[in-house]
Amino acid sequence: MGLEFLTRVRRTTLWVTAIAALWSATYTTPRLGLAVALGAAWSLVNLFLIEKLVVGLTGPDRGTPPALKRIWLALSGMVALFGAGAVLLSTLPPIGAMAGFMLPLATIVLKAASLLVLGSRLWPRVLRAGPRALGVALVIAVALWAGASLVTRVIANQGTTPPAAHEPRAPGAQPQAAPGHDAPAGTETHAPGAAEGGHAAADEGPQKFANVITVLSRAFPQAEWAHFLHQYEVVIFSLFIAFLVCLVAWLASRRAKLIPSGLQNAVEALVESLNDFIVGILGPKFGPRYVPFLGTLFIYILAMNLFGLIPFMDSPTSNLNVTVGLALVVFVYSQYTGIRELGVVGYLDHLAGNPRTPLSWGLVPLMLPIHVMGELAKPISLSCRLFGNIFGEDMLLVAFVTLGITTLSFANLPIGLPLQLPFMFLALLTSTLQALVFTVLSTIYLLLMLPHDDHEHEGEGQHAH
Amino acid sequence: MDFHAALGWGLPVGIGLAAIGSGIGLGGIGNGAMQAIGRQPEATGKIQLAMIIIAALAEALTIYAFVTMFLLQGKISG
């Protein structure tokens, strides 16, 4: 993909722009067509200037006076161009101008994606068998048709349900009904609940990003199945993620080779490092038995945390019910491990603080409640920590998306500034860290339940050396 | 001062106080871990593991305040 690619992009964009501008000028208003054409022209000139700038900075004659002159020309041209863009947005219909701006970018993305697909091994395999190619074409057609009808339904339902009708409390609180998937779900999500009466209370509280199921339930506010999906969306998402994790595991181990490559290599590296990590904490005697449980916990929680960053998806761990479920599993399993490894008497002895001397026997009435409380506090802290972090991260992203939309609200545009981008990297970090913390703490809780006499002897032996 | 005003003032201030406490705690944990790593670079892995666990415990307190805020947030506007 070099300069030749850019020339092809420019040619395609010119054709598409001409068609789109003529189409919108004919079927809507001539001003809209003009806006589309000018927007695309603006974007093309911008692309041209960026190309000049990059060539001047990295080309073979960089550093020479003509190259420097070209860089300066490109930079000053960009400043002038942004001024022209502001004038364009404020005089012509902004929707058309934005569509025009997006045209060359869309061309680049589509061209690059098709280059990737055409170059992959999948493409010839799809084309070789006639029925398979037909099936793929049918699937794409049905998906396009369903997506288009869904979008029109959502827009129609947004128009027909005035938010003030069933939300007298805060009519102006939501961001101005911005279409586009970046917008946080406004009051419109209340529509399905309020239409059926009595469910509005369940939707109260801060709104998260719209996901697939919210969109579906907004498109079909009266349908029973959409309401069912909306109610159980967390369960559906977590089952789907479990299915995905199983699928990856199956794909990676399907044709296991002695010398791994590709997916098998990546999965083996992950499993091996998890194995080393957990065995390093629990010790070689007990470690291998608990690696499957704890490793699965890590991978599953990590997948659930990261799933919320995919557009139109939701992370199930931002719901308290899921994290409480996970923490309860850990709690029950660690208690069960304690009873199995220590025996019932040993387990009670552990809860009483291992009384051996008369003084510690005297302290048992004090120690027993403290230990029981401590055991009960573990699942609460585990679940609240995971929920709070992931939910807070979602809320942070929502807040900054809303801020990005409000900063551009004076121009009445359907888009906003991407102010949430730096926080998405922060979200990547917290997602991984919280999955790790959950796993490490579960491991520690298991370790506390295991008989650790031999550990202490080992430790003493090491101190003696 | 009625109930809503008290909540509206108390929730943000409570989160701020919790964050101050957690920040002090995290600072102390980081300080100790960095010093320990500086003295014994070969034990970096073990120290980091313990540091992450204790940091998670310290940070959880702010998270509890945060969760409390979200639980009570709906009641501010009545």
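Table: residues versus (1) crowded, with 16+ Cβ neighbours inside 10 Å; (2) more than 16 Å from the chain's Cα centre (by Cα); (3) under 20 Å from residue A:280 (Cα atoms).
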{"residue": "B:26", "(1), (2), (3)": "yes, no, no"}
{"residue": "B:39", "(1), (2), (3)": "no, yes, no"}
{"residue": "B:43", "(1), (2), (3)": "no, yes, yes"}
{"residue": "B:60", "(1), (2), (3)": "yes, no, no"}
{"residue": "B:75", "(1), (2), (3)": "no, yes, no"}
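In this structure, is residue A:390 in contact (Cβ under 8 Å) with a residue 60 or more places away in the chain, under 36 Å from the mean Cα position of the chain (by Cα) and outside any helix (DSSP H, G or I)? Write out each step before concluding.
Numbers: in contact (Cβ under 8 Å) with a residue 60 or more places away in the chain: yes; under 36 Å from the mean Cα position of the chain (by Cα): yes; outside any helix (DSSP H, G or I): no.
The answer is no for residue A:390.
Only one of A:123, A:145 is free of Cβ contacts under 8 Å to residues at least 12 places away in the same chain and either surrounded by 13 or more Cβ atoms within 10 Å (Cβ to Cβ) or not assigned by TED's automatic domain parsing to the domain that holds residue A:217 (or both); which? Don't jump to the end; show me each part of the working.
On the way: A:145 fails: either surrounded by 13 or more Cβ atoms within 10 Å (Cβ to Cβ) or not assigned by TED's automatic domain parsing to the domain that holds residue A:217 (or both).
It is A:123.
For residues that are aliphatic (A, V, I, L, M) and within 14 Å of chain A (Cβ to nearest Cβ), tally how many sit in the stretch B:5-58. Let's see the steps before the verdict.
Residues of the stretch B:5-58 aliphatic (A, V, I, L, M): B:5-7, B:11, B:13, B:15, B:17-20, B:24, B:26, B:29, B:33-34, B:36-37, B:43, B:47, B:49-58.
With within 14 Å of chain A (Cβ to nearest Cβ) added as a condition, the list becomes B:11, B:15, B:18-19, B:26, B:29, B:43, B:47, B:49-58.
Summing the residues that are aliphatic (A, V, I, L, M) and within 14 Å of chain A (Cβ to nearest Cβ) in the stretch B:5-58 gives 18.
Out of A:272, A:233, report the one residue that is crowded, with 16+ Cβ neighbours inside 10 Å and either closer than 23 Å to residue A:383 by Cβ or in the same structural domain as residue A:332 (by TED's automatic domain parsing) (or both).
A:233
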Inspect the stretch B:39-50 for any residue being within 22 Å of residue A:379 (Cα to Cα) and in a helix (DSSP H, G or I) and give the result as yes or no.
yes
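Restricting attention to the stretch A:394-409, and to residues there that are over 13 Å from residue A:316 (Cα atoms) and touching a helix residue (DSSP H, G or I) at 6+ places or on another chain (Cβ under 7 Å), which single residue is farthest from the other protein chains (Cβ to nearest Cβ)? Spell out the reasoning first.
Quick first cut of the stretch A:394-409, residues over 13 Å from residue A:316 (Cα atoms) only: A:395-409.
Keeping just the survivors that are touching a helix residue (DSSP H, G or I) at 6+ places or on another chain (Cβ under 7 Å) gives A:396-397, A:400.
Working: A:396: 11, A:397: 15, A:400: 17 Å.
Checking each candidate, the answer is A:400.
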Considering only residues that are loosely packed, with under 15 Cβ neighbours inside 10 Å and under 18 Å from residue A:91 (Cβ atoms), which ones fall in the stretch A:29-57?
A:29, A:30, A:31
Determine, yes or no, whether residue A:174 is within 14 Å of chain B (Cβ to nearest Cβ), under 28 Å from the mean Cα position of the chain (by Cα) and at pLDDT below 80.
yes
Criterion violated by residue A:204 - all others in (1) farther than 30 Å from residue A:440 by Cα; (2) modelled with pLDDT of 80 or more; (3) touching a helix residue (DSSP H, G or I) at 6+ places or on another chain (Cβ under 8 Å); (4) exposed (fewer than 13 other Cβ atoms within 10 Å of the Cβ) satisfied
(2)
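The values are calculated or read from the model by the stated rules, or taken from the named source; none is laboratory data. Please read all numbers here as calculations on a predicted model, not as lab measurements. Cβ: placed from backbone, ideal geometry, glycine included. Neighbour counts: every protein chain shown.
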